[in-house]
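Below is one structure; the comments refer to it alone.
Bear in mind these aren't lab numbers, they're just calculated from the coordinates by the rules spelled out. Not measured: the values here are computed from a predicted model. Cβ atoms come from the backbone with ideal geometry, glycine included; neighbour counts cover every protein chain shown.
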């Protein structure tokens, strides 16, 4: 095999998109260290409960914890065809006085599943911190743009105006829901614990001479030691793979929120109303130098699509667990779980980067809004004219005719909306001619949008962010 790193495939999620922190959380070294933490923890708890394990053996395991010879592990795995036993033997060579008590009573899933849960727990905490960062950035943008009227859309057809800040609160609320769901999963995520080969704890019951209380206490102590609220009540050889679906559903929810944000931004960029940050030397197109393609938003869309499709994969794996277990989940999960977390991490980094540099164009926004606003103001104009003494049916018909003629010019003529000029020149509306500028003021049509923004931020978002003021990306893995 070539020594050139460019001669072999590497996941773009690792080489281009995800953070070092998330890559470390699912790295081979971190996983191996968690396996060793599990072995140290198991031996410690077994000794505390009376098994013949010496303190110096545990200290030897601790001293050798970080001395991992991955070349030796690979050599042993080629010989043994078993990754867990390769690590057991390699660890025993580094701690020869303790090799006889490593993995005592355990099955491979004790460390394999245990490490998966530890890594996912760590990854969820990283995503939690990323979500808080995204929410802070969106909170600032929504507050700054709370009052700026912008054309609203339903079915991507012009509709009642809103404000740019109000639209931003829709994005913010999606990520808030993601945070709540992720924290809910994080609080509930269980540990596999010490359950034995088929989940019956038979091997541990034998080690403790049939003492059921000690087996239960062993499970409880190790679960607490590894930082989990509880272990699964029952399982086969593996922890229930339904948990992978539950975790990935929460993780992939981030993709749905990110994609919605990115699509909205791309649509607004097409209208030249709002742009993602664009570097001074950035090239938008190799052929068209003038272009400012929304590349980051498009990347958000691409990664979101990938992540969303990993959820059915996790549920399919859960559906195909035969009896107490089958191994056809292993290779799949080895790819799907880390890639899900790396993709979500990359998405949140992108979203925060984009939100922190959003560039609105108020004049363009106003021009686009004003092009449609006269149509939306017709009801107000009609009511004002009736209040000034006009005949409602006659005025309604006049506005209908003027509107159709203005719409035709807008779509098939020179693109100008001259509805106000038509109404202003119609003698039937002479009584309210001076009121027309006020009647088509965009601020009259945004309803409570500015107030909704401030209420949402001050009553819901700010208290939530205040409670999570110290939430940061966790450093490194756990060590018992």
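If you fit an axis through the alpha-carbon atoms of helix 164-188 and take the longest principal axis of the Cα set of the chain, what angle between them do you get, 0 to 90°, nearest 10?
20 degrees
Quick one: if you stick a label point 7 Å off each Cα along the C-beta vector at residue 430 and residue 9, how many nm between them?
8.0 nm
Show me the ranking of peptides 293-300, 268-275 by mean Cβ neighbours inside 10 Å, starting with the highest.
Order by mean packing, descending: 293-300, 268-275.
Pop out the Kirkwood hydrodynamic radius of region 87-180 from its pairwise C-alpha distances, inverse of mean 1/r, in Å to one decimal.
So the Kirkwood estimate lands at 17.8 Å.
As a footprinting exposure proxy, order 309, 122 by other Cβ within 10 Å, with the fewest listed first.
309, 122
Below 8 Å, C-alpha to C-alpha, sequence gap of six or more: please give me the relative contact order for region 378-439 in percent.
The value is 36 percent.
Say each of residue 361 and residue 242 gets a label point 7 Å from the Cα, pointing the same way as Cα to Cβ; how far apart are those two points in nm?
For residue 361 paired with residue 242, the spin-label model returns 5.2 nm.
Taking the highest mean first, how do the peptides 109-121, 255-267, 21-33, 455-467 order by number of other beta carbon atoms within 10 angstrom per residue?
Answer by packing, highest mean first, reads 109-121, 255-267, 21-33, 455-467.
At a threshold of 8 angstrom on Cα-Cα distance, excluding pairs fewer than six apart, so keeping six or more, what relative contact order does the chain reach in percent?
21 percent
Going by Cα centres, region 208-239 and region 335-394 are how many Å apart?
Distance between centres, Cα-based: 54 Å.
Treating the angle as unsigned and between 0 and 90°, give the value, to the nearest 10°, between the Cα long axis of helix 83-94 and the longest Cα principal axis of the chain.
60 degrees
How big is the equivalent ellipsoid of region 107-237 along its three axes, where each semi-axis is √(5λ) from the Cα gyration tensor, reported in whole Å from largest to smallest?
50, 13, 10
Considering the Cα trace of region 145-209, what is its radius of gyration and what is Dmax, both in angstroms?
25.7, 76
How big is the shadow of the Cα convex hull of region 407-480, averaged over all directions, in nm²?
Projected over every direction and averaged, the Cα hull of region 407-480 covers 11.4 nm².
Ranked from highest to lowest mean number of other Cβ atoms within 10 Å per residue, what is the order of the peptides 47-57, 379-389, 187-197, 337-347?
My ranking of the peptides, most packed first, is 337-347, 187-197, 379-389, 47-57.
Could you tell me the distance between the Cα centroids of region 1-80 and region 122-200, to the nearest Å?
Taking the Cα centre of each part, region 1-80 and region 122-200 sit 33 Å apart.
How would you classify region 378-439 from its alpha-carbon gyration tensor, with a ≥ b ≥ c the square roots of the eigenvalues: rounded for a/c under 1.5, else prolate if a/b is greater than b/c, otherwise oblate?
Verdict is prolate for region 378-439.
Take the eigenvalues of the Cα gyration tensor for region 333-480, scale each by 5, and report the square roots as semi-axes in whole Å, largest first.
Working from the Cα gyration tensor, I get semi-axes of 53, 20, 13 Å.
Compute the long axis of helix 392-412 from its Cα atoms, compare it with the longest principal axis of the Cα atoms of the chain, and write down the angle in degrees, 0 to 90, nearest 10.
70 degrees
Considering region 11-101, what Rg and Dmax in Å follow from its alpha-carbon atoms?
15.3, 50
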